[in-house]
Amino acid sequence: MEIIPIHLEKESSRFDIFEKIIKNKQNIAIEDFDVLVISSKYLSIGEGRIRKLSDVKPSQEAILMAKNYHINSKMMELIIRESDEIFGGLYGFVLTSVHNILAPNAGIDKSNVPKDHVVLYPKHPYESLETLRNKFLISYGKKIGIVLSDSRILPMRKGTTGVALACSGFEPVIDLKGTKDLFGNVLKYTSQNIADCLASIGTMVMGESDASTPVIILRGLKMKFTNRPISSESLGIESKFDLYIRGLSGKPS
(Lines give C-alpha, C1' and ligand atoms only; values in the text may rest on other atoms or scores of the structure.)
Protein backbone atom coordinates (compact mmCIF):
# COMPACT_ATOMS: atom_id res chain seq x y z
CA MET A 1 0.00 0.00 0.00
CA GLU A 2 1.20 3.51 -0.85
CA ILE A 3 0.24 6.55 1.25
CA ILE A 4 0.22 9.86 -0.63
CA PRO A 5 -0.53 13.06 1.36
CA ILE A 6 -2.19 15.96 -0.48
CA HIS A 7 -1.23 19.30 1.04
CA LEU A 8 -3.93 21.93 0.61
CA GLU A 9 -4.32 25.49 1.85
CA LYS A 10 -6.40 26.01 4.97
CA GLU A 11 -9.94 27.22 4.38
CA SER A 12 -12.38 29.20 6.51
CA SER A 13 -15.39 29.54 4.17
CA ARG A 14 -17.36 27.51 1.63
CA PHE A 15 -15.41 26.03 -1.33
CA ASP A 16 -15.56 23.25 -3.94
CA ILE A 17 -13.69 20.27 -2.50
CA PHE A 18 -13.62 18.45 -5.84
CA GLU A 19 -11.82 21.36 -7.50
CA LYS A 20 -9.37 21.65 -4.60
CA ILE A 21 -8.36 17.99 -4.86
CA ILE A 22 -8.11 17.98 -8.66
CA LYS A 23 -6.10 21.20 -8.81
CA ASN A 24 -3.71 20.42 -5.95
CA LYS A 25 -0.35 22.18 -6.22
CA GLN A 26 1.55 18.87 -6.10
CA ASN A 27 -0.13 17.85 -9.36
CA ILE A 28 -1.06 14.48 -7.88
CA ALA A 29 -3.51 12.67 -10.17
CA ILE A 30 -6.22 10.35 -8.87
CA GLU A 31 -5.99 6.80 -10.23
CA ASP A 32 -8.43 3.92 -10.54
CA PHE A 33 -9.11 2.19 -7.20
CA ASP A 34 -7.46 4.88 -5.12
CA VAL A 35 -9.07 5.47 -1.74
CA LEU A 36 -9.28 9.09 -0.62
CA VAL A 37 -9.32 9.75 3.10
CA ILE A 38 -10.76 13.21 3.71
CA SER A 39 -10.89 15.17 6.96
CA SER A 40 -14.48 15.60 8.08
CA LYS A 41 -13.72 19.19 9.12
CA TYR A 42 -12.36 20.00 5.66
CA LEU A 43 -15.54 18.74 4.02
CA SER A 44 -17.67 20.58 6.58
CA ILE A 45 -15.96 23.89 5.88
CA GLY A 46 -16.34 23.28 2.14
CA GLU A 47 -20.08 22.83 2.68
CA GLY A 48 -20.34 26.00 4.75
CA ARG A 49 -21.01 24.22 8.04
CA ILE A 50 -19.36 26.96 10.11
CA ARG A 51 -21.43 28.76 12.73
CA LYS A 52 -20.74 31.98 14.63
CA LEU A 53 -21.53 31.34 18.29
CA SER A 54 -22.60 34.91 18.96
CA ASP A 55 -25.39 34.47 16.38
CA VAL A 56 -26.86 31.41 18.16
CA LYS A 57 -29.88 31.95 20.44
CA PRO A 58 -29.97 29.28 23.17
CA SER A 59 -33.26 27.68 24.17
CA GLN A 60 -34.32 27.23 27.78
CA GLU A 61 -33.37 23.57 27.53
CA ALA A 62 -29.89 24.53 26.35
CA ILE A 63 -29.47 27.05 29.18
CA LEU A 64 -30.38 24.43 31.81
CA MET A 65 -28.14 21.75 30.30
CA ALA A 66 -25.30 24.25 29.92
CA LYS A 67 -25.39 24.86 33.68
CA ASN A 68 -25.35 21.12 34.42
CA TYR A 69 -22.36 20.42 32.19
CA HIS A 70 -20.54 23.79 32.46
CA ILE A 71 -20.75 24.41 28.72
CA ASN A 72 -21.40 27.68 26.92
CA SER A 73 -25.19 27.87 26.42
CA LYS A 74 -24.83 28.80 22.73
CA MET A 75 -22.55 25.80 22.23
CA MET A 76 -25.06 23.64 24.11
CA GLU A 77 -27.83 24.79 21.78
CA LEU A 78 -25.85 23.64 18.77
CA ILE A 79 -25.11 20.31 20.47
CA ILE A 80 -28.83 19.74 21.03
CA ARG A 81 -29.66 20.65 17.42
CA GLU A 82 -26.98 18.42 15.93
CA SER A 83 -27.38 15.33 18.14
CA ASP A 84 -29.47 12.26 17.41
CA GLU A 85 -29.20 11.21 21.06
CA ILE A 86 -27.64 12.69 24.20
CA PHE A 87 -26.47 10.12 26.75
CA GLY A 88 -25.05 12.33 29.50
CA GLY A 89 -21.76 14.03 30.17
CA LEU A 90 -19.32 15.64 32.57
CA TYR A 91 -17.60 18.97 33.07
CA GLY A 92 -17.25 20.60 29.63
CA PHE A 93 -18.41 17.61 27.55
CA VAL A 94 -21.62 15.87 26.54
CA LEU A 95 -21.62 12.38 25.04
CA THR A 96 -23.88 12.25 21.99
CA SER A 97 -24.73 10.23 18.92
CA VAL A 98 -24.55 11.86 15.47
CA HIS A 99 -24.93 9.97 12.18
CA ASN A 100 -25.07 6.75 14.21
CA ILE A 101 -21.66 7.32 15.81
CA LEU A 102 -20.60 8.33 19.33
CA ALA A 103 -19.23 11.86 19.40
CA PRO A 104 -18.38 14.23 22.26
CA ASN A 105 -20.32 17.50 21.90
CA ALA A 106 -21.96 16.31 18.66
CA GLY A 107 -18.60 16.47 16.90
CA ILE A 108 -18.60 20.29 17.05
CA ASP A 109 -15.05 21.60 16.81
CA LYS A 110 -13.52 24.95 17.77
CA SER A 111 -9.99 24.33 16.47
CA ASN A 112 -8.50 25.82 13.29
CA VAL A 113 -11.43 28.20 12.74
CA PRO A 114 -11.77 31.94 13.44
CA LYS A 115 -12.49 33.04 17.01
CA ASP A 116 -16.14 32.74 18.10
CA HIS A 117 -16.79 30.21 15.30
CA VAL A 118 -17.27 26.44 15.36
CA VAL A 119 -17.42 23.73 12.71
CA LEU A 120 -20.31 21.26 12.65
CA TYR A 121 -20.27 17.80 11.13
CA PRO A 122 -21.39 17.57 7.48
CA LYS A 123 -25.18 17.54 7.33
CA HIS A 124 -25.46 14.49 5.04
CA PRO A 125 -21.97 12.91 4.95
CA TYR A 126 -22.84 9.73 3.04
CA GLU A 127 -24.66 11.64 0.33
CA SER A 128 -21.79 14.15 0.11
CA LEU A 129 -19.23 11.38 -0.43
CA GLU A 130 -21.44 9.65 -2.98
CA THR A 131 -21.73 12.90 -4.94
CA LEU A 132 -17.96 13.48 -4.77
CA ARG A 133 -17.17 9.91 -5.84
CA ASN A 134 -19.49 10.19 -8.83
CA LYS A 135 -17.77 13.41 -9.91
CA PHE A 136 -14.48 11.53 -10.21
CA LEU A 137 -16.24 8.75 -12.13
CA ILE A 138 -18.14 11.02 -14.52
CA SER A 139 -15.45 13.67 -15.07
CA TYR A 140 -12.35 11.45 -15.18
CA GLY A 141 -13.62 7.88 -15.45
CA LYS A 142 -11.93 6.95 -12.18
CA LYS A 143 -13.51 4.39 -9.87
CA ILE A 144 -12.44 5.26 -6.34
CA GLY A 145 -13.39 4.85 -2.70
CA ILE A 146 -13.69 7.65 -0.14
CA VAL A 147 -13.49 7.69 3.66
CA LEU A 148 -14.51 10.69 5.74
CA SER A 149 -12.29 10.63 8.83
CA ASP A 150 -12.53 12.21 12.23
CA SER A 151 -10.37 11.83 15.32
CA ARG A 152 -11.77 10.10 18.36
CA ILE A 153 -10.72 8.98 21.84
CA LEU A 154 -11.41 5.37 22.79
CA PRO A 155 -12.69 4.26 26.21
CA MET A 156 -9.83 4.07 28.74
CA ARG A 157 -7.17 4.92 26.14
CA LYS A 158 -4.88 7.95 25.90
CA GLY A 159 -4.73 10.02 22.72
CA THR A 160 -6.83 9.98 19.60
CA THR A 161 -7.33 7.52 16.79
CA GLY A 162 -9.38 7.72 13.61
CA VAL A 163 -13.01 6.85 12.96
CA ALA A 164 -14.94 6.83 9.69
CA LEU A 165 -17.79 9.31 9.84
CA ALA A 166 -18.91 8.00 6.42
CA CYS A 167 -17.57 6.18 3.37
CA SER A 168 -18.41 5.49 -0.25
CA GLY A 169 -17.32 3.19 -3.06
CA PHE A 170 -16.28 0.07 -1.14
CA GLU A 171 -17.69 -2.47 1.30
CA PRO A 172 -16.81 -0.99 4.70
CA VAL A 173 -17.18 -4.07 6.90
CA ILE A 174 -15.82 -7.57 6.29
CA ASP A 175 -17.94 -10.27 7.93
CA LEU A 176 -15.65 -13.02 9.27
CA LYS A 177 -18.36 -15.13 10.88
CA GLY A 178 -18.02 -18.77 9.84
CA THR A 179 -14.31 -18.53 9.05
CA LYS A 180 -11.69 -20.30 11.16
CA ASP A 181 -8.83 -18.94 13.21
CA LEU A 182 -5.28 -20.34 13.27
CA PHE A 183 -6.37 -23.19 15.54
CA GLY A 184 -9.43 -24.16 13.51
CA ASN A 185 -11.96 -22.49 15.81
CA VAL A 186 -14.99 -21.16 13.95
CA LEU A 187 -15.52 -17.41 14.46
CA LYS A 188 -19.07 -16.63 15.58
CA TYR A 189 -19.20 -12.85 15.97
CA THR A 190 -16.12 -11.27 14.41
CA SER A 191 -16.20 -8.67 11.66
CA GLN A 192 -13.59 -6.11 10.61
CA ASN A 193 -14.39 -2.45 10.08
CA ILE A 194 -12.22 -1.54 7.08
CA ALA A 195 -13.49 2.05 6.96
CA ASP A 196 -12.38 2.80 10.53
CA CYS A 197 -8.98 1.20 9.90
CA LEU A 198 -8.43 3.46 6.88
CA ALA A 199 -9.66 6.49 8.80
CA SER A 200 -7.02 5.79 11.46
CA ILE A 201 -4.30 5.84 8.81
CA GLY A 202 -5.66 9.16 7.61
CA THR A 203 -5.73 10.65 11.10
CA MET A 204 -2.13 9.61 11.73
CA VAL A 205 -0.86 11.18 8.49
CA MET A 206 -3.04 14.31 8.64
CA GLY A 207 -1.96 15.29 12.13
CA GLU A 208 -3.99 16.99 14.83
CA SER A 209 -2.69 20.56 15.13
CA ASP A 210 -1.20 22.88 12.48
CA ALA A 211 -0.68 20.29 9.73
CA SER A 212 -2.41 21.15 6.45
CA THR A 213 -2.97 17.70 5.00
CA PRO A 214 -6.77 17.29 4.89
CA VAL A 215 -6.72 14.66 2.13
CA ILE A 216 -4.57 11.58 1.62
CA ILE A 217 -4.57 8.90 -1.06
CA LEU A 218 -4.27 5.22 -0.18
CA ARG A 219 -3.10 3.36 -3.27
CA GLY A 220 -2.70 -0.37 -3.88
CA LEU A 221 -5.33 -1.59 -1.44
CA LYS A 222 -6.94 -4.97 -2.06
CA MET A 223 -10.58 -4.46 -1.14
CA LYS A 224 -14.07 -4.91 -2.50
CA PHE A 225 -15.12 -1.81 -4.43
CA THR A 226 -18.82 -1.27 -5.05
CA ASN A 227 -21.25 1.18 -6.63
CA ARG A 228 -23.98 0.52 -4.10
CA PRO A 229 -24.83 3.47 -1.82
CA ILE A 230 -23.40 3.05 1.68
CA SER A 231 -25.40 4.31 4.69
CA SER A 232 -24.83 4.77 8.41
CA GLU A 233 -26.50 1.39 9.00
CA SER A 234 -23.59 -0.23 7.14
CA LEU A 235 -21.10 0.98 9.76
CA GLY A 236 -22.99 1.60 12.98
CA ILE A 237 -25.35 -0.13 15.38
CA GLU A 238 -28.20 1.26 17.45
CA SER A 239 -27.20 2.52 20.89
CA LYS A 240 -29.48 -0.03 22.59
CA PHE A 241 -27.26 -2.80 21.17
CA ASP A 242 -23.92 -1.13 21.95
CA LEU A 243 -21.69 -2.81 24.55
CA TYR A 244 -20.44 0.43 26.14
CA ILE A 245 -23.78 2.26 26.23
CA ARG A 246 -25.64 -0.74 27.63
CA GLY A 247 -22.86 -1.61 30.06
CA LEU A 248 -22.62 1.88 31.52
CA SER A 249 -26.38 2.33 31.76
CA GLY A 250 -26.42 -0.05 34.72
CA LYS A 251 -29.38 -1.94 33.27
CA PRO A 252 -29.05 -5.74 32.86
CA SER A 253 -29.59 -7.11 29.37
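The values are calculated or read from the model by the stated rules, or taken from the named source; none is laboratory data. Model, not experiment: these values are computed from the prediction. Cβ sites come from the backbone with ideal geometry, for glycine too, and all protein chains shown count toward neighbours. Accessible surface is based on the protein model in full, side chains and every heavy atom, while ligands, DNA and RNA are left aside. Shrake-Rupley method; radii C 1.70, N 1.55, O 1.52, S 1.80 Å.
Compute the FRET efficiency between Leu64 and Leu154 as 1/(1 + (r/R0)^6), taking r as their Cβ-Cβ distance and R0 = 25 Å, and round to the nearest 0.05. Intermediate values should be presented prior to the final figure.
Working: r = 30 Å, r/R0 = 1.22.
With R0 = 25 Å, the Cβ-Cβ based efficiency is 0.25.
For the pair Thr190 and Ala29, what calculated FRET efficiency results from E = 1/(1 + (r/R0)^6), where r is the Cβ-Cβ distance and R0 = 51 Å, to the nearest 0.05?
0.85
How do Lys25, Lys20, Lys67, Lys41 rank by accessible surface area computed with a 1.4 Å probe, from largest to smallest?
Putting Lys25, Lys20, Lys67, Lys41 in descending order of accessible area: Lys25, Lys67, Lys20, Lys41.
In the chain, what percentage of the DSSP-assigned beta bridges are antiparallel, given to the nearest 5?
Antiparallel: roughly 90 percent of the beta bridges in the chain.
In percent, what relative contact order does region 38-145 have, based on Cα pairs under 8 Å that are 6 or more apart in sequence? Present the calculation step by step, with values, prior to reporting the outcome.
Numbers: 144 pairs, mean separation 26.2, N = 108.
Once normalised by length, the contact order is 24 percent.
Please give the length that would be gained between Lys123 and Glu85 if that part of the chain were fully extended, namely 0.36 nm times their separation in residues minus their C-alpha to C-alpha distance (nm, one decimal). Walk me through the numbers before you get to the answer.
Numbers: separation 38, 0.36 × 38 = 13.68 nm, distance 1.56 nm.
Full extension from Lys123 to Glu85 adds 12.1 nm.
With springs only between Cα atoms under 10 Å, which of Ile138, Ile30, Ile230 fluctuates most in a Gaussian network model of the chain?
Ile138
In terms of solvent-accessible area of protein heavy atoms at a 1.4 angstrom probe, what is the ranking of Leu154, Leu182, highest value first?
These residues rank, largest area first, as Leu182, Leu154.
Sorting Thr190, Thr96 by accessible area (1.4 Å probe), largest first, what list results?
Thr190, Thr96
Mind pulling up the Rg/Rh value for region 60-173? Radius of gyration and Kirkwood radius, both on Cα.
Radius of gyration relative to Kirkwood radius: 1.05.
Would you mind telling me which residue in Ser59, Ser97, Ser73 has the biggest mean-square fluctuation in a Gaussian network model of the chain, where springs connect alpha carbons within a distance under 10 angstrom?
Ser59
List the equivalent ellipsoid semi-axes of the chain in whole Å, largest first, each obtained as the square root of 5λ for an eigenvalue λ of the Cα gyration tensor. Intermediate results must be reported in sequence, preceding the final value.
Working: eigenvalues 183, 142, 44 Å².
The equivalent ellipsoid of the chain has semi-axes of 30, 27, 15 Å.
Label points 7 Å out from Cα along the Cβ direction at Val173 and Ser13: separation in nm?
4.2
How much net charge surrounds Pro122 when only other residues with a Cβ under 13 Å from its Cβ are counted (Lys, Arg +1; Asp, Glu -1)?
So the environment of Pro122 carries a net charge of -2.
Classify region 90-140 as rounded, prolate or oblate, taking a ≥ b ≥ c as the square roots of the eigenvalues of its Cα gyration tensor: rounded when a/c is under 1.5, otherwise prolate if a/b is larger than b/c and oblate if not.
Taking the square roots of the gyration eigenvalues as a ≥ b ≥ c, region 90-140 is oblate.
Mind checking which of Leu182, Asn134, Ser151 is farthest towards the positive end of region 87-204's charge dipole, using Cβ charges of +1 (Lys, Arg) and -1 (Asp, Glu) about the Cα centre?
So the residue furthest toward the plus end is Leu182.
Based on the mean of other beta carbon atoms within 10 Å per residue, what is the order of 123-135, 191-203, 7-19, most packed first?
Details: 123-135: 18.2, 191-203: 20.3, 7-19: 13.8.
Averaged packing, sorted descending, gives the order 191-203, 123-135, 7-19.
What is the chain's relative contact order, in percent, from Cα pairs under 8 angstrom and six or more apart in sequence?
25
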